[in-house]
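One structure is given here, and the rest of the page talks about it.
The values are calculated or read from the model by the stated rules, or taken from the named source; none is laboratory data. Not measured: the values here are computed from a predicted model. Note: ideal-geometry Cβ built from the backbone for every residue, glycine included; neighbour counts use all protein chains shown. These area figures cover heavy atoms from the full protein model, side chains too; ligands, DNA and RNA do not enter into them. Shrake-Rupley method; radii C 1.70, N 1.55, O 1.52, S 1.80 Å.
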Amino acid sequence: FRNSPPFQLLFRLAREHTLGDIFNVRGRIGKPKANYNRWMESMPYPGHIMFEMCGHLIDPMVALLGRPRRVTPFLRSDHRRPESGEGPILLPGRNTPGEDAERPFIDNSLAVFEWDRALGVVESAGMEVGATRRFEVLGTRGTLVIEPPGGTQTRLFLEEATAEFCQDWQMVDSGPWTPFAQDLRDLAAAIRGERAPQFGPVHDFIVQETLLRA
């Protein structure tokens, strides 16, 4: 989502301090129950639904607030199907290197992130009905909601009007865009030495470390 217009707007408003001091970030990125077997097939490594999905939200969270001081994960196996009995659904073994076979499939996950003056929460479940995806940033001067991530619309609340945005709630629509195209353009420009990547290796390292902590 780094190069999507709503997230680019978020990063710009954060840099300009338009949102004030950010004290809370909340994100949810779920998967529908109808494809539960597919999720198990595609997530054979430890962490399951948390590792597969929540990196997409940890990335912008780290961009805003940096490395969290503490990460507390809650990784649960809560879905039940009639044919599975009372116990949790186990991840099948397929002789995949590094797989987490024959352990309960983590299908309901949440992690809490702590900074000195901010909190963050990311959530993902693999058995949602009408799977919800959203990213919320709360600051002392404004609130920004992206729903869904990957879309084009941003809900923005500002305590005070700016030259660009009005006071109170407003909808900002960036119009159509092509996912991944800007990522490739940025990559090509970095390879050619035309400009440095927007997010460097230190940021990427912290994102991956934070995801593993979650």
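For Pro149, the conditions (1) on the phi < 0 side of the Ramachandran plot; (2) in contact (Cβ under 8 Å) with a residue 24 or more places away in the chain; (3) out of contact with any Ser or Thr (no Cβ under 8 Å at 6 or more places or on another chain); (4) in a loop (DSSP other than H, G, I, E, B) all hold with the exception of (3).
For segment 120-132, give me the residue count where each residue is modelled with pLDDT of 95 or more, open to solvent by 10 Å² or more (accessible area, probe 1.4 Å) and not acidic (Asp, Glu). Of the residues in that region, 1 qualify. All told, Leu65 meets the bar of being without any contact (Cβ under 8 Å) to a residue 60 or more places away in the chain, open to solvent by 20 Å² or more (accessible area, probe 1.4 Å) and under 16 Å from the mean Cα position of the chain (by Cα).
Output yes when any residue across segment 76-83 is part of a loop (DSSP other than H, G, I, E, B) and open to solvent by 60 Å² or more (accessible area, probe 1.4 Å), and no when none is. Within segment 76-83, one or more residues are part of a loop (DSSP other than H, G, I, E, B) and open to solvent by 60 Å² or more (accessible area, probe 1.4 Å).
Consider segment 151-166 and keep the residues that are open to solvent by 70 Å² or more (accessible area, probe 1.4 Å) and farther than 14 Å from Thr140 by Cα. The one that is modelled with the highest pLDDT is Arg155. Applying the set (1) surrounded by fewer than 18 Cβ atoms within 10 Å (Cβ to Cβ); (2) within 20 Å of the chain's Cα centre (by Cα); (3) closer than 17 Å to Ala34 by Cα to Glu136 leaves exactly one unmet item: (3). Scanning segment 84-117 for residues that are assigned to a strand (DSSP E or B) and open to solvent by less than 40 Å² (accessible area, probe 1.4 Å) gives Ser109, Ala111, Val112, Phe113, Glu114.
Filtering Glu114, Glu164 for residues that are under 28 Å from Val71 (Cα atoms), of a type in the set (Asp, Glu) and free of Cβ contacts under 8 Å to residues at least 60 places away in the same chain leaves a single hit, Glu114. If you go through segment 180-196 and keep only what is open to solvent by 100 Å² or more (accessible area, probe 1.4 Å) and within 21 Å of the chain's Cα centre (by Cα), you end up with Phe180, Leu184. If you go through segment 1-37 and keep only what is touching a Lys or Arg at 6+ places or on another chain (Cβ under 9 Å), part of a helix (DSSP H, G or I) and either among the aliphatic types (A, V, I, L, M) or farther than 15 Å from Thr154 by Cα (or both), you end up with just Tyr36. Asp204 fails exactly one of the following numbered conditions: (1) charged (D, E, K, R); (2) over 30 Å from Asn108 (Cβ atoms); (3) free of Cβ contacts under 8 Å to residues at least 60 places away in the same chain. What is the number of that condition? Here Asp204 clears every test but (2). Assessment of segment 19-29 against the conditions (at pLDDT below 95, aliphatic (A, V, I, L, M) and touching a Leu at 6+ places or on another chain (Cβ under 8 Å)) yields no matching residue. Of everything in segment 74-93 that's under 14 Å from Lys33 (Cβ atoms) and out of contact with any helix residue (DSSP H, G or I) (no Cβ under 9 Å at 6 or more places or on another chain), which residue is modelled with the lowest pLDDT? Residue satisfying both the conditions and the ranking: Ser84.
Looking only at segment 9-34, residues that are more than 18 Å from Phe113 (Cβ to Cβ) and open to solvent by 60 Å² or more (accessible area, probe 1.4 Å) come to 6 in all.
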